Structure formats: structure tokens, C-alpha cells
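Have a look at the structure below before the remarks.
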Amino acid sequence: MTDATRPLLITRDPLLLDEVLRLAAAAGVEFTVREDPAASSWSSAPLVFVGDEALAVATGRALPRRDGVIVVRRGTGLPDDRASAATWQGAVALGAEHVVELPDAGRWIVDRLAECGDAAMSGGPVISCVAGVGGAGATTLAALLARESRGLLVDLDPYGPAIPVDGGVRWPDLAATRGRIPPASLRNALPSVHGAHVLTGTPESRFAIPDEPLASVLEAGSRGFPCTIVDTPRGDGDATRIAWARSDIVLIVIGPHPATVARVPAVIDGIQEVCTRVAVVARTGPRDAGTWCMAEASQWHVPVLPSFRHDRTLAQGDHAFLTPRSTARRAARALLAAAIPGVLA
């Protein structure tokens, strides 16, 4: 964040400063801190917090009226009507929208800061990948799309990670999550694999992903990542349907043989109950151009996007040696451009 996109904190109280900066860290936001406000930073900051002890200085500067001014004070736990009255008088003179007290207003401040941080980010679409039949290559495609978009890869496999990752937050760590997740906090907590941030399960045990943390993660992805790619299991479990419902498009991946498409109409019907945009992607074999898929798709009434070719190395999760001009990566970029025009801009 630049100075123009950071919220401004005006205070001379070191204890108040520490408390507010702790809340900012929880929201994934950085402050510009001033003891004495300048007109330029006052006008350009998206949000301004003024410590109650700095009200006299701020009002004495004859600063222009603006939206988004919040007066914050530390609670003493004791009644102090005179101090409270002085704070409110200063807040009115400054044109503040709110007067809040710590620690009681901590959660509210985190939410306001998170909204401020979101506004400085440019979010992107959510794309779900699901296999029309087992082994079609949906996980491989999801990993490729996340890599090429440098986005967020969300793995919904309840049996643990399909993509090898080291360290970072996993689904069990988010089980108690409620409410919004600041995108910057999510990004900082997740492991990065070939430029994509990855959220997956643990190999030790099966873990059912709760609805609320999943919804929070997908919202954070759509607000703060260039693209969010969701690898959804086959079937219509709760997690899968939540992901489909929040997706801009769902891609059904089918294997390199006409015999793999028998279930595709039923999969399309299930997706279209919650998501209106569905497309088919064919994983072609070494001697197959996928032309048969075009003929089949005319019966399904959904578009067919550019295909990608099976690669044994990719199927084993080894993306390390793929160059930008490799067939797999070029196919992934073509798919992204066809699915969501402008996503790679």
C-alpha cells in the first residue's frame, strides 16, 4: 500500500498507537502514523483515525471536512463524563463520523480496516474445476490455472492435499473462522507454490471443510487475488455446491476418450442449479485432438473451451520444470483467456 491508500492515524499516545497497530496487523493493513496532521495526508487517506488526545491539535489546524474520520480513545474502565464530553465536542468540531473506545471496538475497527485494505486491492474471478469422471485431470488443470494467474488455489479434497505443499495454514487451522478474512492476512498465511498461494488439507486425516470458513475464504479470494481457482471433488456435497454457487464459471474436465462423457449431462444439471456459467474442457491424449468433444458438446448446450494435453509429469504434481512456453502453460493461459476475458491483463 502507498501513503495514498493507507489509512492515517493521528496520535501522540504510545499505548493507543500500539493497540491500533495491533488491530491493523490483524486486518492486514498498514497505517501512515502522524503526531501532527498535514493537510495533504488528511485529504488523501482513505480513512482517518484520530486519537482523542490529538483532537485539540487536529481541530486547531482548520483541516477541511471529509468523510471517514473516526475518533478513537482508550477505555479506562472508570466513568469520566468531563473527558467524554470533551471528546465528543472535539469529534463534532472535526466532523468525525464515529467515536469508538478500545478495547470494546476492536472487532469493529478490524472490519473497517479490512474494508479499507480491500478497496486498495483488485480482486478477480472465481473459477471451479470439477472432473466429469475420475482421473480426468481436474486437479492438474486447477494447479495450472492458479499458477498462470498467480492466484489462489483452493483444494476441497477432504482426504488431504492433492498438491504437495510445505508449511503454512491448512483447512483444519481455519475450522473456527467466522466472518470476513482480510485477503492480505490470508495471502501471508498460505504457502506459495510456483507463484500461486495454496490452501489445502492435511495428509494425516480426513477433514470435512465447514461451510462458513469456505465461504470466507472464497470471498477473500474474490476480493484480494487476481484469480481464485477451486479444485472441487465430484459429487454434490455442501462444500462443492458452495464453491460452484460462488464461482463466475465452472469448468468440467473430461478425459481423452468419448467413453468418459456419460456422466457429463448429469454434472452439468447439478452445476446449473447454482451457477449459470458452465463450460467443458477436454484433456486430450497423445493421439487425440479432442474433436469428438465438440460434437458431443452440441448436445449439452454448453461451450467447449480450449483443450489441454495429458502430461504424466504434471499428473504427478511436478510443475517445477515447466517453462512459460511449455505446451501445458500455454494451454492454461488460453483457457483462462477464454473462460474470463481480461483475467491475464
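The values are calculated or read from the model by the stated rules, or taken from the named source; none is laboratory data. If you're wondering where the values come from, they're calculated on a predicted model, not measured in any experiment. Here Cβ is always computed from backbone atoms with ideal geometry, including for glycine, and neighbour counts include all displayed protein chains.
Here are the numbers for this structure:
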quantity: Single condition GLY237 does not satisfy, out of (1) modelled with pLDDT under 90; (2) among the small types (Gly, Ala, Ser); (3) over 30 Å from THR177 (Cα atoms); calculated: (3)
quantity: Residue within the range 199-211 that is farther than 19 Å from ALA131 by Cβ and crowded, with 21+ Cβ neighbours inside 10 Å present; calculated: yes
quantity: Options PHE207, PHE225: the member that is of a type in the set (Phe, Trp, Tyr) and over 18 Å from ILE127 (Cβ atoms); calculated: PHE207
quantity: Test result for GLY179, touching a Lys or Arg at 6+ places or on another chain (Cβ under 7 Å) and either surrounded by fewer than 18 Cβ atoms within 10 Å (Cβ to Cβ) or under 24 Å from VAL304 (Cβ atoms) (or both); calculated: no
quantity: Residues of the range 1-48 that turn out to be closer than 15 Å to LEU102 by Cβ and either of a type outside the set (Ser, Thr, Tyr) or under 22 Å from the mean Cα position of the chain (by Cα) (or both), as a count; calculated: 17
quantity: Qualifying residue in the range 54-74 (condition: closer than 18 Å to LEU102 by Cα, surrounded by 21 or more Cβ atoms within 10 Å (Cβ to Cβ) and over 35 Å from the mean Cα position of the chain (by Cα)); calculated: yes
quantity: Residue match in the range 131-146 (condition: modelled with pLDDT of 90 or more and touching a Pro at 6+ places or on another chain (Cβ under 8 Å)); calculated: no
